[in-house]
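Before any comments, here is the structure.
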Amino acid sequence: MRFRLSRLALLIATTIVAVGAMGVFATYREAGDELRDILDDDLEKQCRMLARFLAADPAGLEKKELQTLLTRSFRPDDEETLWVNVYNLETGQLASNQEHALQLAGPDSGALTLRWNGYTWEGYQRREGGLVVQLLRRTDLYEEVQGEILEEITMPVIAGTGVTLLLLATLIGFMLGPLSRLVRQLETRNADSLAPLNIWTPTIEVNILVATINRLMSGVDSVLQRERQFANDVAHELRTPLTTLKVELAGPEPDLPAIKAEVDRLARLVEQLLTLARLEQGRWHASFSEVPLHDVWARESGRFAGAAEQAGMTLSSDVRPTVVNGDPTLLQVLLRNLIGNVLRHCPTGTRIHVAIGTESGPDTLVVRDSGPGIPADQRAQMNAGFARLDSRSEGLGLGLAICRRIAEVHGAELQFLANSDGSSGLRVEVRFPP
């Protein structure tokens, strides 16, 4: 079942009004019945008491005196007009607070209804000895009292319902207004429109929803950018060795050592591409644990020293015990790429220095060299994550993308800086979270 929230709001408002009206009607009926019962009981008691009072000394009051008593005691009133009749069965005399000459229909006690002076009167008749007392009230007075009751009940209910509807409308406005704007913005988007939604609302829940959607779109945009960058890296890195192989194989006498070197380069590229692809899948966090970074360096330092000596470079280190939360395989790949980039792109005689937990804090890995370095504007692009440099454009290649992604999955910050002492070369810092 599908419906719009505006229709649900209208249904709620209609329900509130209907329930309020039903409540007023039910209260009016119940209050009217209760009031009628109370007034009827009171009228019956008054009639009984008056009959007993008069019957106690029926000869003590003459007709004229009794007439005067009834007239003074039961004066006509707009809100409480009572009609009192006293019949003497022995003398046939009638005394009443109203001027009339109606005959007694019957002497029996009980409920009574009379029609006189254009009104319908209801009340009770009580016989005590030789006296019959009638006490009646106009039925239209009941209706007036019920009307007043209805007015007293209806006004608070109408006011309360109005306030409730106003609060409901305000709440719905705060909710549906931003949601409607959110829906309109989303309906105008296409698959490539991943810019953050710009919707202001004081409602916390809607703000959370907008922020969640923005985070989702930001994540999707980041994934798409990495996918495009990955495809670009693959095409860019594979182009050079494939071109070399094509040229060599097209010649009359292929240079087998050159072909072997390019095949080895392709193998390294494929290995790096597989590493980068696994990094993009984001499944490494499950295997994270406390890893002694100095032990990772100790396992790889011998290989790095041999490779540096073979390239005519020197390798030194300053390592302190440093434990980070991460994956040992990825940290090993990070070290290989950082030092491998120096070995591939720096000239003979370059000095390489590795510092773990010493130069820039207890949770920092630093690899610096004395090579030609990288211009400041290119370092800024690399720090911002936008650069993609390879050996033919004075840079790093896939190693940069892999190092950046390894740092990201570890929550670390990767920075490309100039040497702090002002000498030539590049300083790469990886700051792991404490």
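The values are calculated or read from the model by the stated rules, or taken from the named source; none is laboratory data. Owing to the predicted nature of the structure, the values given are computational and were not obtained by experimental measurement. Glycine also receives a Cβ, built like all others from the backbone with ideal geometry; neighbour counts cover every protein chain displayed.
Quick check: anything in segment 80-95 buried (at least 17 other Cβ atoms within 10 Å of the Cβ), at pLDDT below 85 and in the same structural domain as Arg29 (by TED's automatic domain parsing)? Yes, segment 80-95 contains at least one residue that is buried (at least 17 other Cβ atoms within 10 Å of the Cβ), at pLDDT below 85 and in the same structural domain as Arg29 (by TED's automatic domain parsing).
I'd like the full set of residues that are exposed (fewer than 11 other Cβ atoms within 10 Å of the Cβ) and at pLDDT 80 or above, limited to segment 57-79.
Narrowing segment 57-79 to residues exposed (fewer than 11 other Cβ atoms within 10 Å of the Cβ): 57, 59-60, 64, 72, 77-79.
Answer for segment 57-79, where residues must be exposed (fewer than 11 other Cβ atoms within 10 Å of the Cβ) and at pLDDT 80 or above: just Arg72.
The criterion of at least 2 residues that are touching a residue at least 12 places away in the same chain (Cβ under 8 Å) and over 19 Å from Gln67 (Cβ atoms) is met, among strands (runs of 3 or more DSSP E) falling completely within segment 83-177, by 110-116, 119-128, 131-138.
The single condition from (1) at pLDDT below 90; (2) part of a loop (DSSP other than H, G, I, E, B) that Asn383 fails is (2). Screening Leu35 against (1) part of a helix (DSSP H, G or I); (2) over 60 Å from the mean Cα position of the chain (by Cα); (3) among the aliphatic types (A, V, I, L, M) leaves a single unmet condition, (2). Only one of the listed residues (Arg228, Arg189) is more than 16 Å from the chain's Cα centre (by Cα) and assigned to a loop (DSSP other than H, G, I, E, B). That residue is Arg189.
A quick yes/no check of all residues on (1) at pLDDT 80 or above; (2) among the polar types (S, T, N, Q):
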{"position": "Val157", "(1), (2)": "no, no"}
{"position": "Gly160", "(1), (2)": "yes, no"}
{"position": "Thr164", "(1), (2)": "yes, yes"}
{"position": "Leu168", "(1), (2)": "no, no"}
{"position": "Ile172", "(1), (2)": "no, no"}
{"position": "Arg189", "(1), (2)": "no, no"}
{"position": "Leu197", "(1), (2)": "yes, no"}
{"position": "Trp200", "(1), (2)": "no, no"}
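Leu197 meets the stated requirement of being out of contact with any Asp or Glu (no Cβ under 7 Å at 6 or more places or on another chain) and surrounded by 12 or more Cβ atoms within 10 Å (Cβ to Cβ).
Against the definition (over 45 Å from the mean Cα position of the chain (by Cα), farther than 19 Å from Pro433 by Cβ and either crowded, with 17+ Cβ neighbours inside 10 Å or modelled with pLDDT under 85 (or both)), how does Arg268 come out, yes or no? Judged against the criteria, Arg268 is a match. One residue alone among Gly373, Gly411, Gly357, Gly349 is exposed (fewer than 14 other Cβ atoms within 10 Å of the Cβ), modelled with pLDDT of 80 or more and not aromatic (Phe, Trp, Tyr), and that residue is Gly349. Among the residues of segment 167-185, those that are loosely packed, with under 13 Cβ neighbours inside 10 Å and under 17 Å from Ile213 (Cα atoms) comprise Val183, Arg184.
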